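K.L.:
Here it is: the structure, laid out below.
The values are calculated or read from the model by the stated rules, or taken from the named source; none is laboratory data. Everything numeric here is computed off the predicted structure, so don't read it as measured data. Backbone-built Cβ (ideal geometry, glycine too); neighbour counts: all protein chains shown.
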Amino acid sequence: MNIVEMQNISFNFGTVRALDNISLSLPEGKIYGLLGADSAGKTTLLRLLVGLLVPQEGEINTLGFNTLTEREKINTLLAYMPQKFGLYEDLTVQENLELFAGLKKIPHQEWQGLFAKYLGMVDMQQFTQRLAGKLSGGMKQKLGLACALLGSPQLLVLDEPSVGVDPISRRELFKLVRDAANAGTTVIWSTAYLDEAFNFDEVLFMNKGTLVFQGSPYSLGQDLTSFEHRIIELMGGYKQSKFTFSINENLPQVEFPVEALALVKKYGDFYAVKDNTFHIQPGEIFGLLGPNGAGKSTSFKMMCGLAKPTEGTARIMGVDIQKDPSLARSYLGYMAQKFSLYGQLTVQANLQFFAAIYGLKGEEKKRRIAEVLEQFDLIPYQATEAESLPLGFKQRLSFAAAILHQPSVLFLDEPTSGVDPVSRNEFWQEIKSLASAGVTVLITTHFMDEAELCDRISLFYRGESVALGTPAELKRSVHAADMEEAFIGLIEAYDNKHKNKT
């Protein structure tokens, strides 16, 4: 049986052709990986096949039912995990599980056993009473997947479930999905991580609203390097960044533009961050790595004044951010992990607003907005509401807003989450250009190839820095071939050391 049948599907958003005459057949019992550039049409395709959008041309049958006339029959047989966190942030982990179990009409007597099973799988047994909105990005994704798997759906549709998830958690997520597939569930998983491709039985690659390739990932390349090379070719190849940048020359002269001095953040008896100290040199790209929930984002928030430290000091350009937050923030550009611009404002209106917040006026304001629109390829989207942008373009807009005022210090919290490989390459060209111009960069990432591009790295785990050094030094310390091996090796070494102590 084909679990999905699409015939001559086209879909437009206004004048934009999101999908162009796609025909597709997916036999049941496999894990399908959906790859493609930002705005390639992946999310539109998934929303159509689960019945959230109605095809403007063509016909779709999912699980043997027409998505236009028999949607209610489909809803009881599939689970859909959207790109944007789709659970209830003001409910606890336990309450979210109960809500979804009720919606799926799972008998009440089965709840306890199912909840224990899936909470154990995602290692969240100790967080049942935590509000979903207070979870880290990776823990939210784990909870979303656990809720989606309740009831053993015939079809599981996952729209970029591993965005913002650390390498260890990504492995755990995929094990969950593989177990579900082995039990008879067909899976469609869209992703921006090309290294996930060889986990899939088949790969579907989209570009500019068309289906360019369907088949085994091994038919595109026998290893990850050759596979990535072929995918980059299909996406049109890497582009040379047009990025230019300069910072204010009349800045205070400091040895370390960014300093964290014994920072501590406690919630009751729980240490979110424990004794975090680092000093970042001018023009250095300093990476914060670590599993989800390790305390990276909390450190970021303390460094830019969004969270008050329980103890310790954060300085930007020598200024204590708690004592003089306005002056410290005037030197700082900040891109949050979660899209934090105004969704109902257009791209142009968001940039106008943030330019005003940063004190830009007149011709300078007009010039800087024009520059970032061009540098981030946002000119065609100027009149588009921010919430309607593809995820990768939301990241571009956030980055553009963060550097409008030409800051001397830039904090980037997972800036390339959900961004395709070509765009990620452009982002890093731009980050390197910023550093070359003298901008000091503090960045978090879950892409281990990006970690290799940092000058130094602090590996965060359980609220504290467990390793600090260059990528080469960290790899040597655990005899690792690459940063992913180093990441996992250092975490395992820490766990083994502390296990022996207990």
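K.L.:
List the number of the failed condition for GLY312; all other conditions in (1) assigned to a helix (DSSP H, G or I); (2) surrounded by fewer than 21 Cβ atoms within 10 Å (Cβ to Cβ) hold.
P.N.:
Condition (1) is where GLY312 drops out.
K.L.:
On to the next question. Based on what the data block shows, is ARG329 in a strand (DSSP E or B), of a type in the set (D, E, K, R), without any contact (Cβ under 8 Å) to a residue 60 or more places away in the chain and out of contact with any helix residue (DSSP H, G or I) (no Cβ under 7 Å at 6 or more places or on another chain)?
P.N.:
Criteria not met by ARG329.
K.L.:
If TRP428 satisfies all but one of (1) within 24 Å of TYR331 (Cβ to Cβ); (2) aromatic (Phe, Trp, Tyr); (3) in contact with a Pro (Cβ under 8 Å, 6 or more places away or on another chain), what's the number of the condition it fails?
P.N.:
Here TRP428 meets the rest and fails (3).
K.L.:
Moving on to the next point. Filter the range 454-485 for residues that are closer than 28 Å to PRO252 by Cβ and either part of a loop (DSSP other than H, G, I, E, B) or in contact with a helix residue (DSSP H, G or I) (Cβ under 7 Å, 6 or more places away or on another chain) (or both) and give the result.
P.N.:
CYS454, ASP455, ILE457, THR470
K.L.:
Just to be sure I understand the filter: pairs with C-beta atoms under 8 Å, separated by 6 or more residues or on different chains, first member in the range 473-494 and among the basic types (Lys, Arg), second member exposed (fewer than 13 other Cβ atoms within 10 Å of the Cβ). Which pairs pass?
P.N.:
Sorted first by the residue in the range 473-494, then by its partner, the pairs are LYS475/ALA481.
K.L.:
Looking at GLU196, GLU160, can you tell me which residue is surrounded by 22 or more Cβ atoms within 10 Å (Cβ to Cβ), at pLDDT 85 or above and not aliphatic (A, V, I, L, M)?
P.N.:
Among GLU196, GLU160, only GLU160 is surrounded by 22 or more Cβ atoms within 10 Å (Cβ to Cβ), at pLDDT 85 or above and not aliphatic (A, V, I, L, M).
K.L.:
Residues of the range 442-492 being under 28 Å from PHE270 (Cα atoms) and either among the hydroxyl-bearing types (Ser, Thr, Tyr) or not assigned by TED's automatic domain parsing to the domain that holds THR298 (or both), which ones?
P.N.:
Listed by number, the residues that qualify are THR444, THR445, SER458, TYR461, SER465.
K.L.:
Can you tell me which residue in the range 34-88 is farthest from GLN7 (Cα to Cα), limited to those that are outside any loop (DSSP other than H, G, I, E, B) and of a type in the set (Asp, Glu)?
P.N.:
Checked the range 34-88; the qualifying residue farthest from GLN7 (Cα to Cα) is GLU72.
K.L.:
Could I ask something else about it? On the basis of being out of contact with any Ser or Thr (no Cβ under 7 Å at 6 or more places or on another chain) and under 21 Å from ILE280 (Cβ atoms), does GLU452 make the cut?
P.N.:
Values: out of contact with any Ser or Thr (no Cβ under 7 Å at 6 or more places or on another chain): yes; under 21 Å from ILE280 (Cβ atoms): yes.
Spelling it out, GLU452 is indeed out of contact with any Ser or Thr (no Cβ under 7 Å at 6 or more places or on another chain) and under 21 Å from ILE280 (Cβ atoms).
K.L.:
Residue under question is GLY151, and the condition is that it be touching a strand residue (DSSP E or B) at 6+ places or on another chain (Cβ under 9 Å), at pLDDT below 85, surrounded by fewer than 20 Cβ atoms within 10 Å (Cβ to Cβ) and within 30 Å of ASP413 (Cα to Cα); does it hold?
P.N.:
So GLY151 does not fit the description; no.
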